[in-house]
1. Restricting attention to the range A:88-104, does a residue exist that is of a type outside the set (S, T, Y) and within 12 Å of RNA strand B (Cβ to nearest atom)?
2. For the range A:298-325: of the residues being open to solvent by 70 Å² or more (accessible area, probe 1.4 Å) and more than 6 Å from RNA strand B (Cβ to nearest atom), which is farthest from A:A30 (Cα to Cα)?
3. Right, A:R212: touching a helix residue (DSSP H, G or I) at 6+ places or on another chain (Cβ under 7 Å), charged (D, E, K, R) and assigned to a strand (DSSP E or B) or not?
4. So A:H132 passes all but one of these: (1) within 12 Å of RNA strand B (Cβ to nearest atom); (2) surrounded by 13 or more Cβ atoms within 10 Å (Cβ to Cβ); (3) at pLDDT 90 or above; (4) not β-branched (V, I, T). Which condition number does it fail?
5. Restricting attention to the range A:270-291, report how many residues are open to solvent by less than 40 Å² (accessible area, probe 1.4 Å), part of a loop (DSSP other than H, G, I, E, B) and more than 9 Å from RNA strand B (Cβ to nearest atom).
6. Which of the strands (runs of 3 or more DSSP E) found entirely inside the range A:146-187 contain at least 2 residues meeting this: in contact with a Gly (Cβ under 6 Å, 6 or more places away or on another chain)?
7. Quick check on the range A:182-209: of everything there that is surrounded by 17 or more Cβ atoms within 10 Å (Cβ to Cβ) and near RNA strand B (Cβ under 6 Å from one of its atoms), which residue is farthest from A:C106 (Cα to Cα)?
8. Restricting attention to the range A:237-269, which residues are of a type in the set (A, V, I, L, M), near RNA strand B (Cβ under 9 Å from one of its atoms) and closer than 18 Å to A:E468 by Cα?
Amino acid sequence: MTVRTRIAPSPTGDPHVGTAYMALFNWVFARSQGGEFILRIEDTDVARSTSESEQLILDSLKWLSIDWDEGPDVGGPHGPYRQSARKHIYQAHAQQLVESGHAFHCFCSAERLDEMRAAQRAAGDNPRYDGHCLSLSADEVHTRLGAGEEHVIRMKIPETGDCVFEDALRGQIEIPYAQVDMQVLVKHDGFPTYHLAVVVDDHLMEITHILRGEEWINSVPKHLLLYEYFGWEAPVLCHLPLLRNPDKSKLSKRKHPTSVNYYRTIGILPEALTNYLGMMGWSMPDEREIFSPREMADDFELARIHLGGPVFDMAKLSWLNGQYLRGLTPDAFMDRIQDWALNRENLSKLVPLLQERTEKLSDLVSQVDYLLGDRVPLTPADFEAGKADLETQTLVLDHVGREFDALRHWERDALFEICQQLAGHLGLKIRDFLFPLFIAISGRTVSLPLFDSMLFLGPDVTRIRIREALNVLGVSKKQAKRLERAYREYQSVQPAASD
RNA sequence: GUCCCCUUCGUCUAGAGGCCUAGGACUCCAGGUUUUCAUCCUGGCAACAGGGGUUCGACUCCCCUAGGGGACGCCA
């Protein structure tokens with residue numbers, strides 16, 4: 001039997017470093033077994049999935065030299081590899097489950113479900129579908145379906161007993177069925193949910209081992225039940241630990257850079273990043289710390305994975321990166337600098353900003369230092385030249401930061417609109433409003449145009465700089481709460497942002 | 001709240017009952033090399049969450065407690 005693993009990212013945002021982490025381990029495990037590694041795009045959430053995001057994910061994995069044997073771009077014998085192109089397959093399978101009595105049509109409204117869950121929560125129970133539509137007669141279901149009434153398909157769950165299964169790392173796990181919800185398998189728009197699609201695809205694509213984040217452990221009963229309903233053999237399950245923020249919570253954009261592109265733009269080498277991710281939860285048998293994915297595969301053993309959630313440590317990544325950088329020949333080093341930023345394509349984005357404001361070519365370096373490198377370290381004093389007081393500036397940075405965190409398309413108009421609306425809300429002139437942003441982004445009061453700068457730096461670096469500026473200004477716990485409240489208030493008076 | 005997972009220095013980790021006076025790496029500190037800085041070298045600080053068992057012997061096995069994390073969506 002050929003070992004087959006997969007990474008199945010959902011193209012709904014930045015190429016996440018957690019995706020790269022899971023991809024690496026799946027790649028390494030497959031290679032260690034002489035197996036195959038598959039890339040599948042899970043774009044069943046039509047509203048949030050974008051092809052740009054898919055492209056970014058593919059690019060980031062390629063940048064990291066994680067290659068796949070089958071996928072949407074290279075094809076393969078088990079395609080298509082994009083779930084949106086497999087809708088009919090899931091529908092046929094869902095239909096099969098309805099016919100075999102393992103799934104049922106549900107007509108419940110969102111309002112009813114909300115009320116039900118609220119009541120269950122209030123009673124101290126785990127919210128869970130109450131089986132309302134289970135009691136519908138076949139005739140009634142037929143009639144309502146015939147009338148074109150909106151509905152979903154849910155799977156049935158045993159009323160009693162435990163789901164007992166084996167995790168390749170954690171051993172036996174038991175989850176009471178009483179905790180498992182009657183999961184929606186097909187949404188009202190006819191698209192499958194993750195749970196149906198993942199099981200059907202993993203089976204059809206002959207995946208033998210699933211290595212994924214431990215956030216999925218609680219979904220295992222649903223998946224195993226589906227395998228059983230279909231009469232299929234389930235793959236080996238292996239739940240890896242989750243990458244953590246410094247405060248130990250699951251790695252998140254609000255607290256830590258999560259985009260692979262962030263590391264790329266600050267000048268981390270791809271081999272340093274994969275090496276670093278390889279050290280998260282894994283160690284080489286001889287404790288060597290510098291190793292490639294290939295070397296990792298040569299010595300790979302599932303059992304060596306450590307299950308404690310590893311905290312992402314920038315200091316160690318930087319050190320590792322330095323090791324790689326210093327190991328380069330001068331020629332290779334020059335090539336890397338070019339690949340990174342000093343190439344014609346990248347520079348051409350800067351020229352329109354620079355040319356107008358330049359008297360000597362040598363002005364260039366001091367003008368772009370904060371765009372290619374970092375700013376000079378900030379101090380609270382840097383903000384004092386602003387018209388608004390420090391508290392207001394903190395508020396500006398906080399709210400802009402939140403808006404930027406939620407922004408999905410990093411475009412000039414969207415950025416500007418956010419700032420304009422917020423400035424209006426706070427009753428500030430746009431130039432006073434923008435001042436703290438100039439400082440946060442460029443570290444100076446005089447810089448290249450703000451929005452061009454943010455566009456050039458991209459969402460990841462921009463967000464981090466705003467967060468760092470907030471840190472420099474120092475936000476107390478009390479203040480943080482006030483800011484949070486103020487932001488919610490702003491949101492409530494604000495028409496939904498058009499992004 | 002309910003269920004599930006996890007728990008060795010601040011951080012990443014080694015450790016599969018005696019090799020542990022708990023090792024390595026990052027960070028930090030001290031010293032050396034270096035015209036400066038960085039690199040590099042040397043040294044130092046620093047951990048088995050707590051309590052019960054099992055055993056001649058427990059970081060390693062079992063139980064309880066505590067702490068941390070996750071899931072609880074027509075998101076994945």
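1. Filtering the range A:88-104 for residues of a type outside the set (S, T, Y) gives A:88-89, A:91-99, A:101-104.
Retained after the next criterion (residues that are within 12 Å of RNA strand B (Cβ to nearest atom)): none.
Within the range A:88-104 (the criterion being of a type outside the set (S, T, Y) and within 12 Å of RNA strand B (Cβ to nearest atom)), the answer is no, since none of the residues qualifies.
2. A:Q323
3. Values: touching a helix residue (DSSP H, G or I) at 6+ places or on another chain (Cβ under 7 Å): yes; charged (D, E, K, R): yes; assigned to a strand (DSSP E or B): yes.
Yes.
4. Evaluating A:H132 over (1) within 12 Å of RNA strand B (Cβ to nearest atom); (2) surrounded by 13 or more Cβ atoms within 10 Å (Cβ to Cβ); (3) at pLDDT 90 or above; (4) not β-branched (V, I, T) leaves (3) as the failure.
5. Summing the residues that are open to solvent by less than 40 Å² (accessible area, probe 1.4 Å), part of a loop (DSSP other than H, G, I, E, B) and more than 9 Å from RNA strand B (Cβ to nearest atom) in the range A:270-291 gives 1.
6. Working: elements: A:152-155, A:162-167, A:171-176, A:184-186.
Where strands (runs of 3 or more DSSP E) fall fully within the range A:146-187, none carries at least 2 residues being in contact with a Gly (Cβ under 6 Å, 6 or more places away or on another chain).
7. Among them, the one singled out is A:Y194.
8. Result: A:L251, single match.
The values are calculated or read from the model by the stated rules, or taken from the named source; none is laboratory data. These numbers come from a predicted model, not from an experiment. Backbone-built Cβ (ideal geometry, glycine too); neighbour counts: all protein chains shown. Heavy atoms of the whole protein, side chains included, go into the accessibility calculation; ligands, DNA and RNA do not. Shrake-Rupley method; radii C 1.70, N 1.55, O 1.52, S 1.80 Å.
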